[in-house]
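The values are calculated or read from the model by the stated rules, or taken from the named source; none is laboratory data. Everything quoted here is computed from the prediction, not taken from an experiment. Here Cβ is always computed from backbone atoms with ideal geometry, including for glycine, and neighbour counts include all displayed protein chains.
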Amino acid sequence: MTDFTPRSDFLSVLQERGFIHQCSDMAGLDALAVKGEAIGYIGFDCTAPSLHVGSLVQIMMLHWLQQTGNKAIALMGGGTTMVGDPSGRDETRRILTVEDIQSNKRGIFSVFSRFLNFGDGPRDAITIDNAEWLTTLNWIEMLRDVGRHFSVNRMLSMDSVRMRLERDQEMSFIEFNYMILQAYDFTVLARRLGCNLQMGGSDQWGNIVNGIDLGRRMGTHQLYAVTTPLITTASGAKMGKTAAGAIWLNADQMPPYGYWQFWRNTEDADVARFLKLFTTLPMGEIARLAALQGAEINAAKITLATEATALLHGREAAEAAAETARKTFEEGTLASDLPTIEVSGAEIAAGLGLLSAFVKAGIVPSTGEARRQIKSGGLRLNDAIVSDERAALVAGDFNADGIAKLSMGKKKHVLLKRV
RNA sequence: GGGGGAAUGUCCCGAGCGGCAAAGGGGGCGGACUGUAAAUCCGCUGGCUAAGCCUUCGCAGGUUCGAGUCCUGCUUCCCCCA
């Protein structure tokens, strides 16, 4: 961003932590935030049962908005999800059923309570679903009150539309309307709740500015926009897509240990940036951690992992994950809260093959894959490399507590528990 | 409505004279080197009761000893004309 020096805590924090990609009017917004009068919202799609790390920057922004004495609104896109945002997509989104959207909404909301304090007080965060007003809209009224303010010429020139047209890709009318609905949301929130700020990812800039524009034409108070940069890793990959798939925020889809590991494996070059964005550690502490060199930077990664996990899953779960990792990687001993799979004594007595055991543990998808991994020396039983693909588990492979450890590579470990 | 083109290994892109478990990438996984990092190098990347068997090239039939490849019909998508 520019050299503007904000006076408000809100914009100061966002600026020094690297949240700001674009802002419609820093000075104007700053003046509101100084008085604690910024009322900002971010819309969240309900296309999946859980948000993933990609939305975390946005959530952190709402968190800071509230922490710095302003009001935060989490808008659930129950209505807009029925339409589908074409931004950043080169294909039409799958149309979800209303039931799917409802259950997705519940899953997503469970995450917000970790980052925001909800309630009825003036500084409490609130959540609201745009289905509330979008589903009852009257087509003719909508055209007269809102549609007249939109220029199709300009809509056609928007990135999300233009790209589709240039590539000769289909864009349905329903998607074409998405930006109108999002702009309309902004004005509804402005009128109902006094909302004056919309935040979002950089891909939302066009949609947000449309909302500001519509607000002006429809006579709301002045509205503002802030967008975050697209967060990629230093090697250019999008955040949150890894080997195993997306990094979900809901614990049932990504347990705290896995979440901790995700942050622990951050690239060197990303550590400082991520500490600023995804933890609430003071800037001084972050500067100290960022100065670490070479192998010492691992200490910073551990802090990053624990702090980020604590924000989402609580301090206790984060410490437990850190301890599990310490035992597993530094001591090479058994940590009891690694993922555990139970097997019956009878099954073992019958001669459970190692190949099947690895499949059962969910480490490999098929025995074929297990065989391949054995050939390249990737599988281990109790830390000993498995070389015989015909081997079977025997009683001696289990320790006194009836536990055997199966591993693939350095990072994947699963315990087998005999019951 | 008329004419033309496309669909391939269930991650993606993409070659494929009738003998094909099917070239090559990307991505991913494992190994070496390291620091649970990056970069680099090597290997692997349909399933199984595994020297064998089974299932894959949009769907359904057909020709053939043998079909991803040829023929017929269908579905979906794209382009041009109206």
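In table form, for the structure just shown:
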read-out: Extreme residue, surrounded by the fewest Cβ atoms within 10 Å (Cβ to Cβ), among residues of segment A:105-145 that are aliphatic (A, V, I, L, M) and over 20 Å from the mean Cα position of the chain (by Cα); value: A:I140
read-out: A:M61, sole failed condition from (1) farther than 22 Å from A:N250 by Cβ; (2) at pLDDT 90 or above; (3) crowded, with 20+ Cβ neighbours inside 10 Å; value: (1)
read-out: Helices (runs of 4 or more DSSP H) lying entirely in segment A:119-200 (those with 3 or more residues that are modelled with pLDDT of 90 or more); value: A:131-134, A:139-145, A:178-193
read-out: Flag if A:A400 is surrounded by fewer than 20 Cβ atoms within 10 Å (Cβ to Cβ) and either near RNA strand B (Cβ under 8 Å from one of its atoms) or not basic (K, R) (or both); value: yes
read-out: Some residue of segment A:373-385 being more than 12 Å from RNA strand B (Cβ to nearest atom), farther than 23 Å from A:S336 by Cα and either surrounded by fewer than 15 Cβ atoms within 10 Å (Cβ to Cβ) or more than 34 Å from the chain's Cα centre (by Cα) (or both); value: no
read-out: Helices (runs of 4 or more DSSP H) (entirely within segment A:301-419) containing at least 3 residues that are among the aliphatic types (A, V, I, L, M); value: A:315-325, A:345-349, A:354-360
read-out: Close pairs from segment A:281-298: first in contact (Cβ under 8 Å) with a residue 60 or more places away in the chain and under 20 Å from A:M60 (Cα atoms), partner assigned to a helix (DSSP H, G or I) and more than 8 Å from RNA strand B (Cβ to nearest atom), Cβ under 8 Å, at least 6 apart; value: A:M283/A:E16; A:M283/A:R17; A:M283/A:K276
read-out: Residue within segment A:286-293 that is near RNA strand B (Cβ under 10 Å from one of its atoms), at pLDDT 90 or above and not in a helix (DSSP H, G or I) present; value: yes
read-out: Qualifying residue in segment A:69-82 (condition: farther than 20 Å from A:L11 by Cβ, surrounded by fewer than 21 Cβ atoms within 10 Å (Cβ to Cβ) and modelled with pLDDT under 75); value: yes
read-out: Of the criteria (1) away from RNA strand B (no atom under 11 Å from the Cβ); (2) free of Cβ contacts under 8 Å to residues at least 40 places away in the same chain; (3) surrounded by 15 or more Cβ atoms within 10 Å (Cβ to Cβ); (4) under 20 Å from A:K412 (Cα atoms), which one A:A310 fails; value: (4)
read-out: Residue among A:A357, A:A335, A:A361, A:A321 that alone is within 22 Å of A:L275 (Cα to Cα) and either within 26 Å of the chain's Cα centre (by Cα) or surrounded by 15 or more Cβ atoms within 10 Å (Cβ to Cβ) (or both); value: A:A321
read-out: Conditions (1) under 29 Å from A:G258 (Cβ atoms); (2) over 25 Å from the mean Cα position of the chain (by Cα); (3) of a type in the set (F, W, Y); number of the one not met by A:F19; value: (2)
read-out: Scan of segment A:333-365 for residues that are within 11 Å of RNA strand B (Cβ to nearest atom) and farther than 15 Å from A:V414 by Cβ, ordered by number; value: A:G353
read-out: Single condition A:E316 does not satisfy, out of (1) more than 30 Å from A:R273 (Cβ to Cβ); (2) away from RNA strand B (no atom under 12 Å from the Cβ); (3) of a type in the set (D, E, K, R); value: (1)
read-out: Any hit, segment A:49-69, residues being assigned to a strand (DSSP E or B) and aliphatic (A, V, I, L, M); value: no
read-out: Segment A:187-211: number of residues that are of a type in the set (V, I, T) and buried (at least 23 other Cβ atoms within 10 Å of the Cβ); value: 2
read-out: Tabulated pairs, segment A:362-382, first modelled with pLDDT of 90 or more, second part of a helix (DSSP H, G or I) and within 6 Å of RNA strand B (Cβ to nearest atom), C-beta under 6 angstrom, 6+ apart or interchain; value: A:L379/A:Q373
read-out: Qualifying residue in segment A:388-395 (condition: away from RNA strand B (no atom under 16 Å from the Cβ) and either over 20 Å from A:D252 (Cα atoms) or in contact with a helix residue (DSSP H, G or I) (Cβ under 9 Å, 6 or more places away or on another chain) (or both)); value: yes
